[in-house]
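A short worksheet on the structure shown next.
All of the numbers you see were taken from the coordinates with simple rules; none came from a lab. Computed from a prediction, not measured in an experiment: that's the story for all the values here. We place every Cβ from the backbone using ideal geometry, glycine too, and count neighbours over all the protein chains shown.
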Amino acid sequence: MVGGTRMLESTYGLDRVQIPDPKTPGRLWRVQGLYLPVHGRALGGLRAKLEDQKGFITFCNQRDLEVILGLGAPGQYCPWSGKDYVGPEDPDWFGFCADDDDLADDLYYRELVLRAELQGVLPMGSYFDQRGVLTPNLTIERFVHIGYSTDVFELYLLFDDAEPETGNRPDTRFDTVERRWMRSERTRVRWERS
């Protein structure tokens with residue numbers, strides 16, 4: 001696990017696999033990361049973050065990803081969940097979608113990339129002041145596949161890189177990432193096969 005996150009350090013070789021979207025012909029996904037389960041979800045298991053050929057991100061739960069990869073088949077027993085696998089036509093199928101927990105994981109990952117530039121891991125941008133604090137009004141843009149036939153463009157604006165309770169800077173905690181960044185725009189967009 002990457003410290004302070006729900007992200008696992010390995011994708012176990014899945015990053016090299018192209019996964020066709022079962023509901024959108026021509027749309028191909030690649031795993032970008034694996035994440036721990038979110039406590040309290042009805043459907044447990046790992047979550048995979050994926051990106052398509054146009055840069056849209058989405059997530060997929062472990063049960064449905066196992067079906068997509070042919071590791072399980074609809075109607076077969078899923079040993080780790082205690083229930084049967086379902087297919088894309090089943091009302092219990094989630095497939096490629098992203099909820100608020102998934103989007104918080106992605107937002108934090110994007111923030112970590114910006115902070116990695118400060119550490120010299122990636123080429124440095126002008127995102128920091130002299131104390132290593134992310135500068136206000138910094139933006140993050142992303143394209144997200146929320147669910148079947150729903151794709152959006154989102155723009156986030158950095159509010160303040162400080163701990164809300166103490167004012168200490170920078171605030172690098174996962175549990176406060178959504179207080180540091182404000183979504184200033186969410187626009188529905190159309191994914192078109194090119």
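Taking trypsin sites (Lys or Arg not before Pro) across the stretch 1-93, the ones in a DSSP loop with at most 15 further Cβ atoms lying within 10 angstrom of their Cβ are 23, 41, 54. For trypsin sites (Lys or Arg not before Pro), the sites in the stretch 140-193 that DSSP calls loop and that have at most 11 other Cβ atoms within 10 Å are 190, 193.
In nm², what is the average projected area of the convex hull enclosing the Cα atoms of the stretch 30-78? Mind showing how you got there, number by number?
Details: hull surface 15.6 nm².
Mean orientational projected area (the stretch 30-78, Cα hull): 3.9 nm².
Residue separation of residue 92 and residue 23 scaled by 0.36 nm, minus their Cα-Cα distance, works out to 23.3 nm of gained length. Stretching residue 139 away from residue 100 to a fully extended chain increases their span by 12.2 nm, per 0.36 nm per residue minus the current alpha-carbon distance. Around the Cα centre of the chain, unit charges on the Cβ atoms of Lys, Arg, Asp and Glu (plus for the first two, minus for the last two) sum to a dipole of about 320 debye.
Which is the longest part of the chain that has none of the GluC sites (Glu not before Pro) sitting in a DSSP loop with at most 13 other Cβ atoms within 10 Å?
Details: sites that count: 9, 89, 165, 192.
Looking at the chain, 10-88 is the longest stretch - no exposed GluC sites (Glu not before Pro) with at most 13 other Cβ atoms within 10 Å.
Put a dot 7 Å past the Cα of residue 166, heading toward its Cβ, do the same for residue 185, and the two dots end up 3.6 nm apart. Simple spin-label estimate for residue 8 and residue 41 gives 1.3 nm between the two label positions (7 Å along the Cα-to-Cβ direction from each Cα).
Rounded to the nearest 10 degrees, what's the angle between the helix 100-118 long axis and the longest principal axis of the chain, both from Cα atoms, 0 to 90? Rounded to the nearest ten degrees, it is 40. Can you match percent of Cα pairs over 24 Å apart to one of these, (i) 34; (ii) 71; (iii) 45, based on a calculation from the structure here? Correct label, based on the coordinates given: (iii).
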